[in-house]
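Here the structure is laid out as structure tokens; the discussion comes afterwards.
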Amino acid sequence: MKGSPPRVLIVEDEFYLGKMLEKALQHEEIEAAAVTTVDDAEARILQETFDLIVSDIYMPEKSGLELFEYIKSKKIEVPFIFMTGNPDLKTAVNFLTSGGHDYIVKPFMISDFIQKIKPIIQNHRKKKQELDLVNDLRAMLAKRLSELKIYQDVFDSTDDGEVITDVDGYVVKVNRGFERISGISAEGIVQKHIDFLSESILPEFDFTKILKKLNTDNTWHGELSGTRQNNQRWLVSITFSPIRNEEGQIFAYAGIFKDVSSQREVEQALISSLKKMNLAQEAIIFGMARLAEHRDNDTGYHLERIRSYCRRLAQELYDRKMYPDEIDEEFVQMLYHTAPLHDIGKVGIPDYILLKSDTLSESEFDTMKSHTLIGYNTLNSIFKEYGDMQFLKMGIEITYCHHEHWNGGGYPRGLKGDEIPLSAQILAIADVYDALTTERTYKKAYQHAVALETMKKQRGKHFSPKIFDVFLDILDDIDKIRQSFSEKGELDIPPEIPPEIARILYKQE
């Protein structure tokens, strides 16, 4: 017998006979339990499952017939056999017509007893398996019907359009959502090939291409534009997926059509607004920085060169994946936009120091160094007032830290190594190169080669050695930037700055 061993309950008031039958059945690999009273039998039946009950008829207190009626009242499906030493034809007939299975007349041979009950047990287990299978099928059918009801409710109630096709692409069903967003009635598309959409409302719809994609992937997604039946332009997001049976075979395809026309219009408006905001932000940043430069530079070329050097160097670091946790494309662009702020604190430095052509005294130099703190306080107050803005964070970093040295010998805090923000490490190299290669009130411009030799001595002292080595690798590009922003070059003035303001900021004639 397959599965768990069969179980038999023996109800016999003669203790030794019950135990003998119990042992005989166990020898046949049939689990058996022998009890001497009907009450004990009823207790076992409520707690355990049996494949057969064998009971004596005549016992003290309650009879086997009472046990039989108890089992029937509890609707317990189990075959029942009587044992009796006083066979009564009327009792036997009543027992059998009431649902009893068989009876055995005492005395009997143990071998005959075993041969009688084995087929009864086998038949019972077979019927039970069949009944379990039927119940499982009923439960599965009920579940599927419930799932279908839920699916139908969702299919009919969703605002998105849904289309079901057979494997050849012929439309089997559409929901009300599809009728609403497409303007095509169910009658107008059901039983037609779905490529009908390309003839009516979506010229670029091609089900053949969709099927090719579905052969390699489990889904296809795209956005198509067209004209609805009411001549309205629309943009629709479409997703197709296969529908499979229990064996995993595709027997249909489901398409979800989502009208995204309004959503895309809002997105485009938002993108346009953000672009304008970013341009305005850049103009404000550059204008603030130019106010500082306005007093000690004749043009805005210094700011253009600085931010261009920074962008090129940061881009090279990004391309080489040298600082993957810090540098991404947004970092590169943010540094380009915020680099002009590095000397904004010079607005607080007196003219007699800022424009002095001679060497500064120690006290004057201390005053000059305070421009880093002035710039920090200026931007930090804006940051506290207007909240968490990334460009202000980076602006604060470079303004406060671009005069720190890799070896800790810089100012204002004496930061060392990677304690210095990466943005400020990059800007420090660009700032020194520009200072050396351009004319200032206190010095002539160095030649490109001379400036580099001077800077090489500061590798690992003033500059990060890793970043400076990358700077040396891109010198050709750096030199081109320097030459492109000569006194006769063209400034990259943000287009949204009115000409009259640009003339003031950039000292244009």
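Read-outs: derived from the displayed coordinates by stated rules, not from any lab. This is a predicted model, so every value here is computed, not measured. Positions of Cβ are backbone-derived with ideal geometry, glycine not excepted, and every protein chain shown enters the neighbour counts.
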Q: Kindly state, to the nearest 0.05, the FRET efficiency for Asn230 paired with Ile250, given R0 = 56 Å and r defined as their beta-carbon distance.
A: 0.95
**Q.** Inter-label distance, nm, simple model (7 Å from Cα along the C-beta direction), Lys126/Ser241
**A.** 4.5
**Q.** Approximate spin-label separation Ser357-Glu31, in nm, with each point projected 7 Å along Cα-to-Cβ
**A.** 11.0
Q. In nanometres, what is the gap between the two model label sites at Gln333 and Lys23, each 7 Å from Cα along Cα-to-Cβ?
A. 9.1
(Q) Full-extension gain between Asp469 and Gln47, please, as 0.36 nm times their residue separation minus the C-alpha to C-alpha distance. (A) 143.7 nm
Q.
Tell me which GluC sites (Glu not before Pro) from region 402-469 have a DSSP coil assignment and no more than 12 other beta carbons within 10 Å of their own.
A. Glu439
Q | Stretchable slack from Asn94 to Ser185, in nm (0.36 nm times residue separation minus alpha-carbon distance) | A | 25.9 nm
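Could you tell me which GluC sites (Glu not before Pro) in region 171-269 are loop residues by DSSP with no more than 16 other beta carbons within 10 angstrom of their beta carbon?
Working: sites: Glu179, Glu187, Glu199, Glu204, Glu223, Glu246, Glu247, Glu265, Glu267; in loops: Glu204, Glu246, Glu247.
Answer by residue number: Glu204, Glu246, Glu247.
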(Q) Once R0 is set to 22 Å, what does the formula 1/(1 + (r/R0)^6) return for the Cβ-Cβ distance between Glu453 and Lys480, expressed as a FRET efficiency to the nearest 0.05? (A) 0.65
Q | Theoretical gain in end-to-end length, Glu77 to Lys213 [0.36 nm per residue, Cα-Cα removed] | A | 43.4 nm
(Q) I'd like the Karplus ³J(HN,Hα) series for region 247-262: coefficients 6.51, -1.76, 1.60, θ = phi - 60°, whole numbers in Hz, and an x wherever there's a Gly or Pro. (A) 8, x, 8, 6, 10, 6, 10, 10, x, 10, 10, 10, 6, 10, 4, 5
**Q.** Charge context of Thr49, other residues only, Cβ under 13 angstrom, K/R +1, D/E -1
**A.** 0
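Out of the chymotrypsin sites (Phe, Trp or Tyr not before Pro) in region 1-74, which ones are loop residues according to DSSP with at most 16 other C-beta atoms within 10 Å? Kindly include the intermediate steps, with their values, before the conclusion.
Details: sites: Phe15, Tyr16, Phe50, Tyr58, Phe68, Tyr70; in loops: Phe50, Tyr58.
Filter output for region 1-74: Tyr58.
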